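Engineer: Before we start, here is the structure in question, set down as structure tokens.
The values are calculated or read from the model by the stated rules, or taken from the named source; none is laboratory data. None of the values given here were measured: they were computed from a predicted structure. Counting neighbours? That spans all protein chains shown, and the Cβs are built from the backbone with ideal geometry, glycine included. Side chains are part of the model used for accessible areas, which takes the heavy atoms of the whole protein and leaves out ligands, DNA and RNA. Shrake-Rupley method; radii C 1.70, N 1.55, O 1.52, S 1.80 Å.
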Amino acid sequence: MVLVGERRQKILEVVSSGKAVTVEELSRILDVSPSTVRRDLRFLESKGLL
């Protein structure tokens, strides 16, 4: 199981690679539900990281 901070860091790494990625792709990469990915994306956006 991946910790929240590690999961969010991985999202930042994937997004910053410059390639387009969908919520579904991130969900598969991280082995979490799409709603978890969306929640993490909202959190990262609220912190100004996205």
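Engineer: What's the carbon and sulfur percent of the chain's accessible surface, probe 1.4 angstrom, rounded to a whole number?
Structural biologist: Looking at the chain in its full context, I get 54 percent from C and S.
Engineer: Sticking with this structure for a sec: Taking 0.36 nm per residue of separation and subtracting the Cα-Cα distance, what length does fully extending residue 4 through residue 16 add?
Structural biologist: Between residue 4 and residue 16, full extension yields an extra 2.5 nm.
Engineer: Once the piece of chain linking residue 46 and residue 32 is laid out straight, how much longer is it, given 0.36 nm per residue of separation minus the C-alpha distance between them?
Structural biologist: Stretched out fully, the residue 46 to residue 32 stretch lengthens by 3.0 nm.
Engineer: Once the principal axes of the Cα atoms of the chain are found, what is the range along each, listed largest first in whole angstroms?
Structural biologist: Its Cα atoms span 25, 21, 16 Å along the three principal axes.
Engineer: Given an 8 Å cut-off on Cα distances and at least 6 residues of separation, report the relative contact order of the chain as a percent.
Structural biologist: Computed over the chain, the figure is 31 percent.
Engineer: So which trypsin sites (Lys or Arg not before Pro) in the chain are both in a DSSP loop and have at most 10 other Cβ atoms within 10 Å of their Cβ?
Structural biologist: For trypsin sites (Lys or Arg not before Pro) across the chain that sit outside H, G, I, E and B with at most 10 neighbouring Cβ atoms in 10 Å, the list reads 19, 47.
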